[in-house]
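Asks: Below is the structure I would like to discuss, written out as structure tokens.
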Amino acid sequence: MKLNFCIISKLLILQCLSVACLSQDFDFFYFVQQWPGAYCDTRQSCCYPKTGKPSADFSIHGLWPNYNDGSWPSNCDPDSVFDKSQISELISSMEKEWPSLSCPSSNGMRFWSHEWEKHGTCAQSELDQTEYFEATLKLKKKLNLLKVLNNAGIQPDDEFYTLNSIINAIKEGTGFTPGIECNRDSAHNSQLYQVYMCVDTSGSDFIECPLLPKGKCGEQVQFPKF
């Protein structure tokens, strides 16, 4: 009887540990959008998706769980693989708002699979696979970055703008301070590449960032055409 009790206790502990691993807590999300003109204007270049050239707008990179100490979980559940059937009703929106620009040209499935398996699986305590992609698309609809920047006179015209003016424009337009990531083109110009906004753990509301990523931007940032 005592032996059976010990076995059952150990099984329960293992089960609890397993559940904890699959539903790790996290503190907030980074909602990351990228500018295709900057992605493509690098040495690695880009490949348009099979649906054709994306629109000249910010596109989704991902919705990434993070911790307040600056670390983040990743690849939390190897058993939870990307399932196309879970997003069948979202695919047309994802092709428009979440296109892949990596080479070779693709239909986006490889990109979305990567985002789910690396990041989405770490948010399963809050969102299942369908909800994860739905929430990300809703955030994109809530936040029209290009409009916010255009309203401040900042346009994708190959001109240079101060980093502070970009940050302030987004802060005034959204109410929250963004994180800005830049890349370098072949002429070593600092270009506006990605914008990070913070979101609560439900994946629905923007919040002030507990900490901002370091984006390696110069004081003057080019907003390249696309």
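Asks: At a threshold of 8 angstrom on Cα-Cα distance, excluding pairs fewer than six apart, so keeping six or more, what relative contact order does the stretch 75-169 reach in percent? Walk me through the numbers on the way to the answer.
Replies: Values: 57 pairs, mean separation 29.8, N = 95.
Reported as a whole number, the value is 31 percent.
Asks: Run the dipole for the stretch 104-154 about the Cα centre, Lys and Arg Cβ at +1, Asp and Glu Cβ at -1, nothing else charged, and hand back the magnitude in debye, nearest 20.
Replies: On the way: 7 positive and 6 negative charges, 76 e Å.
Dipole size: approximately 360 debye.
Asks: Rank these by accessible area, largest first, 1.4 Å probe: His188, His61, His119, His114.
Replies: His188, His114, His61, His119
Asks: Then there is this: Mind pulling the angle between the C-alpha long axis of helix 2-22 and the longest principal axis of the chain? Nearest 10 degrees, somewhere in 0 to 90.
Replies: It is inclined by approximately 10 degrees.
Asks: Would you list, by chain and number, the aspartates and glutamates whose Cα falls below 19 Å from the Cα of Lys225, excluding same-chain residues fewer than 8 positions away?
Replies: Asp41, Asp57, Glu97, Asp157, Asp158, Glu159, Glu181, Asp185
Asks: A follow-up question, please. Would you mind calculating the gained length between Asp25 and Tyr67 on full extension (0.36 nm times residue separation, minus the Cα-Cα distance), in nm to one decimal?
Replies: Details: separation 42, 0.36 × 42 = 15.12 nm, distance 0.88 nm.
Net length gain for the segment: 14.2 nm.
Asks: Given only helices, namely DSSP H runs of n ≥ 4 each adding -39500 (n - 2.57), what is the per-residue ellipticity at 222 nm of the chain, to the nearest 500 deg cm²/dmol? Can you show the working numbers first?
Replies: Numbers: 7 runs with 76 residues, N = 226.
Taken over the chain, the calculation gives -10000 deg cm²/dmol.
Asks: May I ask you to give the solvent-accessible area per residue for the chain, in square angstrom, as obtained with a 1.4 angstrom probe? Working shown, then result.
Replies: On the way: 11880 Å² over 226 residues.
Value for the chain: 53 Å² per residue.
Asks: Something else: Over the chain, what percent of the accessible surface lies on carbon and sulfur atoms, probe 1.4 Å?
Replies: 52 percent
Asks: How do the peptides 211-217, 25-31 rank, highest first, by the average count of neighbouring beta carbon atoms within 10 Å per residue?
Replies: Values: 211-217: 14.9, 25-31: 19.7.
The most tightly packed comes first, giving 25-31, 211-217.
Asks: To the nearest 20 debye, what is the magnitude of the charge dipole of the chain about its Cα centre, counting +1 on the Cβ of each Lys and Arg and -1 on the Cβ of each Asp and Glu?
Replies: Using only the charged Cβ atoms, the result is roughly 400 debye.
Asks: I'm a student and want to see the number: the projected area of the Cα convex hull of the chain, averaged over all directions, in nm².
Replies: Mean projected area for the chain: 14.3 nm², to one decimal.
Asks: Averaged over all directions, how much area does the convex hull of the C-alpha atoms of the stretch 19-118 cover when projected, in nm²?
Replies: On the way: hull surface 30.3 nm².
For the stretch 19-118, the mean projected area of the Cα convex hull comes to 7.6 nm².
Asks: Still on this structure, please answer the following. Show me, for the stretch 99-112, the HN-Hα J-couplings you get by feeding each phi into the Karplus relation (A = 6.51, B = -1.76, C = 1.60, θ = phi - 60°), rounded to Hz, glycine and proline as x.
Replies: Once θ is set to phi - 60°, the couplings for the stretch 99-112 become x, 9, 10, 6, 9, x, 4, 9, 9, x, 4, 5, 5, 5 Hz.
Asks: While we're here: Subtracting the Cα-Cα distance from 0.36 nm times the residue separation, let me have the gained length for Gln220 to Lys118 in nm, one decimal.
Replies: 33.4 nm
Asks: Through the Karplus equation 6.51 cos²θ - 1.76 cosθ + 1.60, θ set to phi - 60°, convert the phi angles of the stretch 161-167 into ³J(HN,Hα) values in whole Hz; use x for Gly and Pro.
Replies: 10, 5, 4, 5, 5, 5, 4
Asks: How many nm separate the modelled label positions at Ala56 and Leu212, each set 7 Å beyond the Cα in the direction of the Cβ?
Replies: Spacing of the two 7 Å Cα→Cβ label points: 2.7 nm.
Asks: I've got another one for you. Restricting everything to alpha-carbon atoms, can you work out Rg to Rh for the stretch 120-226 with a Kirkwood hydrodynamic radius? Intermediate results must be reported in sequence, preceding the final value.
Replies: Working: Rg = 15.1 Å, Rh = 15.0 Å.
Computed over Cα atoms, the ratio is 1.01.
Asks: While we're on this one: Compute the long axis of helix 129-142 from its Cα atoms, compare it with the longest principal axis of the Cα atoms of the chain, and write down the angle in degrees, 0 to 90, nearest 10.
Replies: Approximately 30 degrees, to the nearest 10.
Asks: Using only alpha carbon pairs under 8 Å that are at least six residues apart, calculate the relative contact order of the chain and give it in whole percent.
Replies: Contact order relative to length: 25 percent.
Asks: Hey, rough spin-label estimate for Asp79 and Gln44, points 7 angstrom out along Cα→Cβ, what's it come to in nanometres?
Replies: 3.3 nm
Asks: For Asn107 and Asn150 in one chain, what is 0.36 nm times their gap in residues minus the Cα-Cα distance, to one decimal in nm? Write down the numbers at each step before the final one.
Replies: Values: separation 43, 0.36 × 43 = 15.48 nm, distance 2.99 nm.
Full extension of this stretch gives 12.5 nm more.
The values are calculated or read from the model by the stated rules, or taken from the named source; none is laboratory data. Keep in mind the model is a prediction, meaning the values are calculated, not measured. We place every Cβ from the backbone using ideal geometry, glycine too, and count neighbours over all the protein chains shown. Keep in mind that these areas ignore ligands, DNA and RNA; they rest on the heavy atoms of the full protein, side chains included. Shrake-Rupley method; radii C 1.70, N 1.55, O 1.52, S 1.80 Å.
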